[in-house]
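Step one of this worksheet: look at the structure below.
Nothing in this text is a laboratory measurement; each read-out follows from the coordinates by a stated rule. Keep in mind it's a predicted model, so treat the numbers as computed, not measured. In this analysis, Cβ positions are derived from the backbone assuming ideal geometry, glycine residues included, and neighbour counts consider all displayed protein chains.
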Amino acid sequence: MRKIVALTLVVACGIATPLLGQDSAGGEIAYPRGSLGYDALMRGDPVTAEAQLRASAGVPANDPARLINLGRALEQTGRYPEAMTIYRAAIESPKRFDLVLASGRIADSRLVAKTALRRLETGFAGR
């Protein structure tokens, strides 16, 4: 399993969404800058983040970090069913990373995607 250092953005409900970044200056570690939509997500611009993630030719389509960030961008634009599909793809990806969360805890990319998916499924159950 490849390890990647990740920053996380803690959303209002207390769930962490991984965003790969290198430091306070932003950007991605081991990825072309902008390829994971990190800076756009950090500044609350999910539309730009989605465009960057979809155009990211340098990152495999099944990369869990790319998928998780795309799921987050879709969530932020209210496209919950699409986000759920993307989170499922991250769970099923043959790739797997350890992500360092804002709390300092290390979490498997599949667990992070499962947590995000569960949060959305629970949100839909009450509607």
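Between residue 121 and residue 30, full extension at 0.36 nm per residue minus the direct alpha carbon distance yields a gain of 29.6 nm.
For the pair residue 95 and residue 42, label points projected 7 Å from Cα toward Cβ lie 2.0 nm apart.
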